[in-house]
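Step one of this worksheet: look at the structure below.
Since every read-out is calculated from the coordinates, none of them should be taken as a lab result. The structure displayed is predicted, hence computed values, not measured ones. As a convention, Cβ positions derive from the backbone with ideal geometry for all residues, glycine included, and neighbour counts pool all protein chains shown.
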Amino acid sequence: MVIRVPEPDAPAHDRAVRLLAIRDEDPQRPWRPLGPWWPQTHPALVGVQDVRAGGAWLAADVDAGRVVVLLNRAETLADPSPASRGGLVLARAAGRRWTRPPRTHGFNLVDVAARGARLLQWNGIAERETAIPPGTHMIAHDELDDPATPRIAGWLDAFRSAPPAAGDAWWEPWLDVLDTSAGLAATDDEAIVRDNRPHGYPTQSLLVCVASVDADGADVLYGELPAPAAWARVRLRPPERRLSP
């Protein structure tokens, strides 16, 4: 995941927090595209729904200007039946905070609002929440801007150096970096679009989302890769529309 947090004194036209997130998951685990899949419990939210557990990897309250994204960490609980992490995304996107330690495996949760972004980390034992400072950053399954994560060490400078985009498609320079990174094999440690099966995980990169959050709300777009772990310049589209009752 890539995130850019503006400086506090940034000009009015450049005060949005922006992010790009790629979802790695088992292709056999079904999902629904970005849409309003929780009309009874979270009617204000749109998200990418995990059909099996019912939660989300990414969820947003567009009107309130809030986007929450979760990335798995390696830490696991001894509990043989931990709770799904996707429910935490919905709760946080709805503005709720949990008061007890999560009964889930480890995670990095990025909570983005117009006033900035925060990183909540859970390693199965303790929680830690910190503000993400201004600038362009990457996070995967360990620490923010972690130089021990090969894809961060390999590509953070490229994302930081990507020129500002002209017009509304601000994400295009970041997609240019993904175009370049796709020259690596998806199994390479530095690959961003990934096939994690040789590393012992069934997950592959399946989809990409971009989001911009400012005082006017959140703008979130979604696109699916043409095949697992196969990068192409995806067509990004807005959330599915809520069905009429």
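Which residue fluctuates the most in the chain, going by a Gaussian network model with Cα springs under 10 Å, if the choices are ALA78, ALA59, ALA218?
Among ALA78, ALA59, ALA218, the largest mean-square fluctuation in the Gaussian network model of the chain belongs to ALA78.
Running a GNM on the chain with Cα contacts under 10 Å, which residue among THR76, THR104, THR41 ends up with the highest mean-square fluctuation?
Highest fluctuation of the listed residues: THR41.
Using the crude model of +1 on Lys and Arg Cβ and -1 on Asp and Glu Cβ, and no other charge, please compute the dipole size for region 2-224 relative to its Cα centre, in debye to 20.
940 debye
Taking square-rooted eigenvalues a ≥ b ≥ c of the alpha carbon gyration tensor, is the chain rounded, prolate or oblate, where a/c under 1.5 means rounded and, failing that, a/b exceeding b/c means prolate? Can you show the working numbers first?
Details: a/c = 1.23, a/b = 1.05, b/c = 1.17.
It is rounded, given that a/c, with a ≥ b ≥ c, falls under 1.5.
Could you work out [θ]222 nm for the chain from helices alone, using -39500 (n - 2.57) per DSSP H run of at least four and dividing by all its residues? Round to the nearest 500 deg cm²/dmol. Working shown, then result.
Details: 3 runs with 30 residues, N = 245.
Here the helix-only value at 222 nm equals -3500 deg cm²/dmol.
Label region 1-43 by shape, choosing from rounded, prolate and oblate, from the square roots a ≥ b ≥ c of the eigenvalues of the Cα gyration tensor; if a/c is under 1.5 it is rounded, and otherwise prolate applies when a/b is larger than b/c, oblate when it is not. Walk me through the numbers before you get to the answer.
On the way: a/c = 4.59, a/b = 1.79, b/c = 2.57.
Here region 1-43 falls in the oblate category.
Shape call for region 12-136 from the C-alpha gyration tensor, a ≥ b ≥ c root eigenvalues: rounded (a/c under 1.5), prolate (a/b greater than b/c) or oblate? Walk me through the numbers before you get to the answer.
Numbers: a/c = 1.64, a/b = 1.20, b/c = 1.37.
Oblate shape, in that a/c is at least 1.5 and b/c is the bigger or equal ratio.
Nothing charged except the Cβ atoms of Lys and Arg (+1) and of Asp and Glu (-1): what's the magnitude of the dipole of region 92-245 about its Cα centre? Round to the nearest 20 debye.
Details: 17 positive and 21 negative charges, 169 e Å.
It comes to approximately 820 debye.
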